[in-house]
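Take a look at the structure set out below.
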Amino acid sequence: MIIADLFQTLIWIVLAGLAIGSGVAMVVQRNPLYAAISLIGVFISFAGFYLLLGAPFIAAVQVIVYAGAIMVLVVFVIMLLNVEEEVRKPLRLKFLIPAAIFGAAILFAQAAFIIYSVGASPVRVPNADAANSQIGLTKSIGTGLFTDYLLPFEITSILILMAIVGAITLARRPTVLLLVEEDYDGKKHVERRTLKIDNI
Amino acid sequence: MTPQLSWYLALSAVMFTIGVAGVILKRNAISMFMCIELMLNSVNLTFVAFSSFFNNLNGQLFVFIVMAVAAAEAAVGLGIIIALFRNRESLDVDDANLLKL
């Protein structure tokens, strides 16, 4: 039992290192494609956390939806738009760095206070046995989704439909019409005319 | 010693902060978009951690719906980014500070 606990903690530490390292790499990276690949690392490590927490369904959805679908979309757009590396520019605001240091100091003080007071509090969180828990399984999630949360589920489907329509409307090219006229002596004149959405 | 709830909350706070820092520091619209995804994910981790430690299903259902909203956001957001690039030939958000061209 002790060995199993130790092993779990070890996996947790490795996953946390992977998540934080990939997250920092994503922000530091100037090439958006490398940033996207670092973000996939974050998503994979989060899927590992969901498995540790006894939520296999959410872990699978995380890998399929985030690391699969969304990141494929992002990488596709990066390659489509031929994004080059960000160039270094001067700061937008001169007082940004001292302000950031000041804000970070306040945040660290708050976090230290919270950790201190939680450590002193007698309240203990009931720690469910994640390995034997039934709540993360696909069956219970399906039951919850189709009974108590039916209305949010249906609203989500309407939202996704709206997103599909919106994405197609935003990303399509303006229609180009080719107007071909013929002269009396048989010469052809071709005129390209762009149809805007508001004069269709 | 197994991983405690507070560990997960601390990690989630760290990841959220990295995401906020990325949104503030980055100028490329796609990079900012990816940092927003990171913030959504760290909130999801909080939901699943509470759900698991309190033995309550609702957190995981929330995460499922958050993921659906994130997918919708990705589709529309990338559509907006493509339209922006087509009109301005640039993804720098500093170039896109006016509503009209």
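The values are calculated or read from the model by the stated rules, or taken from the named source; none is laboratory data. Because the structure is predicted, anything quoted here is derived from the model rather than measured. Neighbour counts run over all protein chains shown; Cβ positions are idealised from the backbone, glycine included. Surface areas here come from the heavy atoms of the whole protein model, side chains and all, with no ligands, DNA or RNA. Shrake-Rupley method; radii C 1.70, N 1.55, O 1.52, S 1.80 Å.
Observations on the model:
- Every residue from the range A:131-151 that is assigned to a helix (DSSP H, G or I) and surrounded by fewer than 16 Cβ atoms within 10 Å (Cβ to Cβ): A:ALA131, A:ASN132, A:THR138, A:LYS139, A:GLY142, A:THR143, A:PHE146, A:LEU150, A:LEU151
- Qualifying residue in the range A:77-93 (condition: outside any loop (DSSP other than H, G, I, E, B), touching a helix residue (DSSP H, G or I) at 6+ places or on another chain (Cβ under 6 Å), within 7 Å of chain B (Cβ to nearest Cβ) and at pLDDT below 70): no
- When we screen A:ALA100, A:ALA111 for residues that are within 10 Å of chain B (Cβ to nearest Cβ), aliphatic (A, V, I, L, M), surrounded by fewer than 18 Cβ atoms within 10 Å (Cβ to Cβ) and more than 29 Å from B:VAL93 (Cα to Cα), the only hit is A:ALA111.
- Filtering the range A:1-24 to residues that are more than 22 Å from the chain's Cα centre (by Cα), of a type in the set (Val, Ile, Thr) and open to solvent by less than 70 Å² (accessible area, probe 1.4 Å) leaves A:THR9, A:ILE11.
- Residues within the range A:1-42 that are in a helix (DSSP H, G or I), more than 7 Å from chain B (Cβ to nearest Cβ) and either over 14 Å from B:SER31 (Cβ atoms) or among the hydroxyl-bearing types (Ser, Thr, Tyr) (or both), tallied: 18
- Of the helices (runs of 4 or more DSSP H) lying entirely inside chain B, those containing at least 2 residues that are within 7 Å of chain A (Cβ to nearest Cβ) and either touching an Asp or Glu at 6+ places or on another chain (Cβ under 6 Å) or open to solvent by 40 Å² or more (accessible area, probe 1.4 Å) (or both) span B:5-25, B:58-88.
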